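Since the structure comes first, as structure tokens, the remarks are kept for the end.
The values are calculated or read from the model by the stated rules, or taken from the named source; none is laboratory data. Here the structure is a predicted model, which means the values were calculated and not measured. Virtual Cβ from ideal backbone geometry, glycine too; neighbours counted across all protein chains shown.
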């Protein structure tokens, strides 16, 4: 494993033991192609600097978040009579919330998390309201009048 330091616009690389880096907290950047240093191909880079890690994590989360919002609006506007699209929207909201909680919370600011949370809460409430309304209408149609 290598430790890359930047000092006065010059990069130094030092070969160190991998167990020293495993214990450091940082944001892991993955690459399919990899980076070649010496004879080794490096696929994962752990960013330890908090400011730099915040920028990288925020960009990644915003990209995922925007894709989620597009998908949620598509699901909420679809004309699905069974309610599967509403359940899928609720599942995706919960999946995103758990992913952010587990992977990115330590790299994002509280203000950014609250902003995303408020917007997702509005979409979640709308999905739940429509699902309850749909279930109520289905139950009303099936019960009908009995003699």
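Things to note:
- Qualifying residue in region 94-108 (condition: outside the structural domain of residue 27 (by TED's automatic domain parsing) and not in a helix (DSSP H, G or I)): yes
- Test: residue in region 56-75 that is at pLDDT 80 or above and more than 30 Å from residue 127 (Cβ to Cβ): yes
- Residue 100 being without any contact (Cβ under 8 Å) to a residue 40 or more places away in the chain, within 23 Å of residue 134 (Cα to Cα), within 11 Å of the chain's Cα centre (by Cα) and surrounded by 15 or more Cβ atoms within 10 Å (Cβ to Cβ): no
Matching residues to (1) out of contact with any helix residue (DSSP H, G or I) (no Cβ under 7 Å at 6 or more places or on another chain); (2) loosely packed, with under 12 Cβ neighbours inside 10 Å; (3) over 20 Å from residue 103 (Cβ atoms):
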residue: 38; (1), (2), (3): yes, yes, yes
residue: 45; (1), (2), (3): yes, no, no
residue: 48; (1), (2), (3): yes, no, no
residue: 52; (1), (2), (3): yes, no, no
residue: 65; (1), (2), (3): no, no, no
residue: 68; (1), (2), (3): no, no, no
residue: 78; (1), (2), (3): no, no, yes
residue: 86; (1), (2), (3): no, no, yes
